[in-house]
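A.B. asks: My questions will all concern the structure given below.
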Amino acid sequence: MLGMRLPVGSSGRFVVQRHHATHLHYDFRLEMKGVLKSWAIPKEPPVEVGVKRLAVEVEDHLIEYIDFEGIIPEGMYGAGKIEVWDKGTYVLRSKEANKIEFGLSGTKLHGDYVLIKFKNNNWLFFRKKTPSY
């Protein structure tokens, strides 16, 4: 799913949607190549350095979903309440098959972040320590 090449320095939008479905989780989405690359994060995304979160890669979502807030009715996939927890822009720093580095500029999430794939669709999501010069 993430094999498509994107140039380093490219940018786009991101969103984190708090999703009250079967279990409360957070949907982290990066706008890439006309879709939203998406991960489900079981706990609140890391705002501080040193906090690491599991991020389970899920199917791509339509770009129109980036601003969605509301209720998905019972009986439908993802049923439950969705609210935007954070959104903003990102800049791609590097992208490999099993590692994506990017800078986030959101209200809650800001700074350099990393997604590292470690098993199947499981990734580790964390904020990098920003070097001080």
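The values are calculated or read from the model by the stated rules, or taken from the named source; none is laboratory data. Nothing here was measured: the structure is a model prediction, and the numbers come from that model. Note that each Cβ is placed from the backbone with ideal geometry, even for glycine, and that neighbours are counted across all protein chains shown.
A.B. asks: Could you name every one of the strands (runs of 3 or more DSSP E) located completely within the stretch 67-133 that has at least 1 residues being touching a Pro at 6+ places or on another chain (Cβ under 6 Å) and without any contact (Cβ under 8 Å) to a residue 60 or more places away in the chain? Spell out how you get there, then give the answer.
C.D. replies: Values: elements: 70-72, 80-96, 99-106, 110-119, 122-127.
In the stretch 67-133, there are no strands (runs of 3 or more DSSP E) which contain 1 or more residues that are touching a Pro at 6+ places or on another chain (Cβ under 6 Å) and without any contact (Cβ under 8 Å) to a residue 60 or more places away in the chain.
A.B. asks: Search the stretch 73-86 for residues being modelled with pLDDT under 90 and in contact with a strand residue (DSSP E or B) (Cβ under 8 Å, 6 or more places away or on another chain), and hand back the single one that is surrounded by the most Cβ atoms within 10 Å (Cβ to Cβ). Spell out how you get there, then give the answer.
C.D. replies: Within the stretch 73-86, the first condition is being modelled with pLDDT under 90, and the residues that meet it are 73-80.
Remaining after also requiring in contact with a strand residue (DSSP E or B) (Cβ under 8 Å, 6 or more places away or on another chain): 78-80.
Values: GLY78: 13, ALA79: 13, GLY80: 16.
That would be GLY80.
A.B. asks: While we're here: Which condition from (1) assigned to a helix (DSSP H, G or I); (2) surrounded by 12 or more Cβ atoms within 10 Å (Cβ to Cβ); (3) not small (Gly, Ala, Ser) is the one that ASP60 breaks?
C.D. replies: (1)
A.B. asks: Confirm whether TYR77 is under 11 Å from the mean Cα position of the chain (by Cα) and of a type outside the set (A, V, I, L, M, F, W, C). Step through it out loud before you land on a result.
C.D. replies: Numbers: under 11 Å from the mean Cα position of the chain (by Cα): no; of a type outside the set (A, V, I, L, M, F, W, C): yes.
No; evaluated as a whole, the condition is false for this residue.
A.B. asks: Just the residues that are hydrophobic (A, V, I, L, M, F, W, C) and under 12 Å from the mean Cα position of the chain (by Cα), please, taken from the stretch 31-58.
C.D. replies: Taking the stretch 31-58 as the starting set, the residues that turn out to be hydrophobic (A, V, I, L, M, F, W, C) are 32, 35-36, 39-41, 47, 49, 51, 54-56, 58.
Result: MET32, LEU36, TRP39, ALA40, ILE41, LEU54, ALA55, VAL56, VAL58.
A.B. asks: Next question. Can you confirm whether the stretch 87-103 contains a residue that is among the aliphatic types (A, V, I, L, M), under 27 Å from HIS23 (Cα atoms) and surrounded by fewer than 16 Cβ atoms within 10 Å (Cβ to Cβ)?
C.D. replies: Step one: list which residues in the stretch 87-103 are among the aliphatic types (A, V, I, L, M), which gives 91-92, 97, 100.
Filter once more, so that each one left must be under 27 Å from HIS23 (Cα atoms): 100.
Checking the rest, the ones that are also surrounded by fewer than 16 Cβ atoms within 10 Å (Cβ to Cβ) come to none.
No, the stretch 87-103 has no match at all.
A.B. asks: Look at THR89 and say whether it is β-branched (Val, Ile, Thr) and within 21 Å of LEU24 (Cβ to Cβ). If you could, list the steps in order and put the result at the bottom.
C.D. replies: Working: β-branched (Val, Ile, Thr): yes; within 21 Å of LEU24 (Cβ to Cβ): no.
Criteria not met by THR89.
A.B. asks: Limited to the stretch 48-57, what total is found for residues that are in contact with a Lys or Arg (Cβ under 6 Å, 6 or more places away or on another chain) and assigned to a loop (DSSP other than H, G, I, E, B)?
C.D. replies: The initial filter retains those residues of the stretch 48-57 that are in contact with a Lys or Arg (Cβ under 6 Å, 6 or more places away or on another chain), namely 49, 53.
With assigned to a loop (DSSP other than H, G, I, E, B) added as a condition, the list becomes 49.
Number of matching residues: 1.
A.B. asks: Would you point out the residue of the stretch 80-90, among those that are more than 13 Å from the chain's Cα centre (by Cα) and of a type outside the set (Gly, Ala, Ser), that is farthest from THR130 (Cα to Cα)?
C.D. replies: Let us first name the residues in the stretch 80-90 that are more than 13 Å from the chain's Cα centre (by Cα), namely 80-83.
Checking which are of a type outside the set (Gly, Ala, Ser) leaves us with 81-83.
Numbers: LYS81: 34, ILE82: 31, GLU83: 29 Å.
My answer is LYS81.
A.B. asks: Within the stretch 18-57, how many residues turn out to be surrounded by 15 or more Cβ atoms within 10 Å (Cβ to Cβ) and at positive phi?
C.D. replies: Number of matching residues: 0.
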